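Taking it in order: structure first as structure tokens, then the write-up.
Derivation of every value follows stated rules applied to the coordinates shown; laboratory data play no part. Worth saying up front: this structure is predicted, and the values here are computed from it rather than measured. Cβ placement follows ideal geometry from the backbone for every residue including glycine, while neighbour counts extend to all protein chains displayed.
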Amino acid sequence: MFKACAICIYTGPAVDPPLELFRGLREFGNQYHASTWQELEGWLHGRKSGLVVADLDAPDIFEVLQRICKKVPACKIIGFGNPADPRMIIQANRLGCSQFVAKPVDMRELHTVVEQVLELLPASLSL
């Protein structure tokens with residue numbers, strides 16, 4: 001049995017919701033798609049925790065990662081993006097992204113990473 005957790009998939013502007021990510025993560029809890037900081041901030045409002053799965057190729061991603069950590073420090077972040085850019089991965093890690101999954105996203109890998117990250121959430125913070 002998995003811990004249940006609210007999950008937001010952040011893709012940045014002008015990107016359709018990645019339906020394969022939604023299908024692959026539905027067993028972990030309620031999901032929401034955000035394509036702007038304002039949408040993501042609305043989702044984060046009032047939360048003590050949660051999980052953001054963020055597209056590291058989004059144009060505003062570093063600013064968004066900083067804002068997530070400032071607004072909800074206990075929020076866990078998993079990034080997905082281009083594995084050919086190690087500087088991007090290192091910078092995302094410094095800004096709170098604890099795990100990385102390469103594009104194209106392998107759903108089994110993402111599933112395993114989500115399980116690992118949710119194990120780090122205290123029971124009092126999971127939903």
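What's the longest piece of the chain with no exposed trypsin sites (Lys or Arg not before Pro), counting a site as exposed if DSSP puts it in a loop and it has at most 15 other beta carbons within 10 Å? Looking at the chain, 49-127 is the longest stretch - no exposed trypsin sites (Lys or Arg not before Pro) with at most 15 other Cβ atoms within 10 Å. Close amide H pairs (under 5 Å, H built 1.01 Å from N) link Val53 with Cys8, Ile9, Tyr10, Ile78, residues at least 5 positions away or on another chain. A simple spin-label model places the labels of Met107 and Asp85 2.7 nm from each other, with each point 7 Å out along Cα-to-Cβ.
Using the rule -39500 (n - 2.57) for each DSSP H run of four or more residues, divided by the residues of the chain, the 222 nm mean residue ellipticity is -11000 deg cm²/dmol.
Name the shape class, rounded, prolate or oblate, that the alpha-carbon gyration tensor gives for the chain, where a ≥ b ≥ c are the square roots of its eigenvalues, rounded holds for a/c under 1.5, and otherwise prolate holds if a/b is larger than b/c and oblate otherwise. It is rounded, given that a/c, with a ≥ b ≥ c, falls under 1.5.
Work out the FRET efficiency for Glu115 and Cys69 from their Cβ-Cβ distance, taking R0 = 22 Å, and round it to the nearest 0.05.
On the way: r = 22 Å, r/R0 = 1.00.
The calculated FRET efficiency here is 0.50.
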